[in-house]
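Participant: Once you've had a glance at the structure underneath, I'll fire off some questions.
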Amino acid sequence: MNGRPRFGRMPGFAANPIAPHCALGDESIAGDGRSRGVEPAAETAVESACRFLHFHQYCEKTQYPAREASLQTVFKGMSSAALYGTRQIMETTSCWINQVNHLMSAPTISEIWHSSFGTALPAGYLCRTTLPDRWMRIHSLPESKRYPETEIERSEILRRQNAAACYALGEDAECILFITQYGESRHWPDYYVEGSRYAPEFLMLDSLAPEYVQSYERGQDGPMQFFATRQRWRTGAFDKLILMCADGIAGPYLFANTDKRNAYAPYDGGADLFFSASDAVSEARRTFSNWLSTTESGL
């Protein structure tokens with residue numbers, strides 16, 4: 001098949017310990033993607049179906065969470081004919097057809113975001129402009145001090161930020177983490193500089209790179225590119241990210257619980273919180289009354 005390699009490393013994965021071999025019904029497909037009784041025209045679909053099953057075997061063996069974004073990566077770039085052929089093969093073998101149907105009809109992250117937040121864009125200061133009735137802000141330090149100078153102050157930042165985020169998102173809640181990059185590129189960088197604002201060790205990400213969501217050409221510092229990855233919010237799990245934001249060397253970041261229609265966006269000085277309705281904002285303001293701005297604007 002044009003000499004293309006098969007069953008290479010899946011994007012973002014370490015070397016796969018599973019042999020490149022999958023069984024489809026009564027047919028056995030080896031690493032070269034060929035099978036008895038399969039017409040040459042169907043080879044691309046066979047290869048794709050086998051790759052899909054191979055991926056799931058890897059997930060089961062390693063207990064890696066097979067998320068939608070991961071599975072969509074498997075099918076990315078496939079032609080409609082190849083997708084159809086893959087589906088036909090899986091129907092005849094009764095393998096993973098429910099997952100395939102789900103992926104073919106699943107909404108994108110952009111669609112999920114906009115269904116919960118309307119026309120707002122996934123950065124705190126942009127949401128604040130679009131959703132003023134759903135917004136409130138907390139400050140990270142007493143007397144609205146912006147930057148920490150001592151370890152005690154850094155501990156206080158973490159205490160407040162984790163409490164506010166947990167309140168808005170929910171402990172152990174499945175969320176979408178939106179990451180903003182500035183510039184024209186819509187590709188997640190392949191390399192990182194230690195300590196940079198995009199260093200993955202500070203994002204607590206899984207092994208898949210964040211996916212491009214959308215662009216905004218009129219950002220304060222130039223064009224903005226929004227990327228996203230699914231994460232689970234847990235108190236303390238994102239402390240390094242929070243402290244990088246507090247020091248002004250990271251962001252913008254925004255965590256969204258689209259089921260609750262709530263969001264949390266830390267910045268250097270505090271956090272912008274967004275809720276499903278204005279009455280929820282009023283309740284949150286009472287809960288965090290000691291951490292609010294004393295100015296009329298709430299900034």
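Participant: What do you reckon, is P189 part of a loop (DSSP other than H, G, I, E, B) and within 29 Å of E283 (Cα to Cα)?
Facilitator: no
Participant: Continuing with the same structure: Of the conditions (1) closer than 13 Å to R261 by Cβ; (2) assigned to a strand (DSSP E or B), W113 clears all except one; give me its number.
Facilitator: In the conditions (1) closer than 13 Å to R261 by Cβ; (2) assigned to a strand (DSSP E or B), W113 misses (2) alone.
This table checks each residue for (1) surrounded by fewer than 23 Cβ atoms within 10 Å (Cβ to Cβ); (2) outside the structural domain of A168 (by TED's automatic domain parsing); (3) part of a strand (DSSP E or B).
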{"position": "R230", "(1), (2), (3)": "yes, no, yes"}
{"position": "G248", "(1), (2), (3)": "yes, no, no"}
{"position": "A263", "(1), (2), (3)": "no, no, yes"}
{"position": "P266", "(1), (2), (3)": "no, no, yes"}
{"position": "A271", "(1), (2), (3)": "no, no, yes"}
{"position": "D279", "(1), (2), (3)": "yes, no, no"}
{"position": "E296", "(1), (2), (3)": "yes, yes, no"}
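Participant: Still on this structure: Does A209 satisfy being under 15 Å from the mean Cα position of the chain (by Cα) and either part of a strand (DSSP E or B) or closer than 17 Å to I109 by Cα (or both)?
Facilitator: Answer is yes for this residue.
Participant: I would also like to ask the following. For the stretch 117-165, give me each residue that is of a type in the set (A, V, I, L, M, F, W, C) and within 19 Å of K240 (Cβ to Cβ).
Facilitator: Within the stretch 117-165, L141, I152, I157, L158, A163, A164, A165 qualify.
Participant: Within the stretch 147-162, track down each residue that is out of contact with any strand residue (DSSP E or B) (no Cβ under 8 Å at 6 or more places or on another chain), closer than 27 Å to E283 by Cβ and touching a residue at least 12 places away in the same chain (Cβ under 8 Å).
Facilitator: E156, I157, L158, N162
Participant: Let me ask something else about it. Looking at S276, S282 in this structure, which one is at pLDDT 95 or above and more than 16 Å from I138 (Cβ to Cβ)?
Facilitator: Exactly one residue qualifies, and that residue is S276.
The values are calculated or read from the model by the stated rules, or taken from the named source; none is laboratory data. From a predicted model like this one, the values you see are computed outputs, not experimental measurements. A quick note on method: Cβ atoms are made from the backbone with ideal geometry, for glycine too, and the neighbour counts reach across all protein chains shown.
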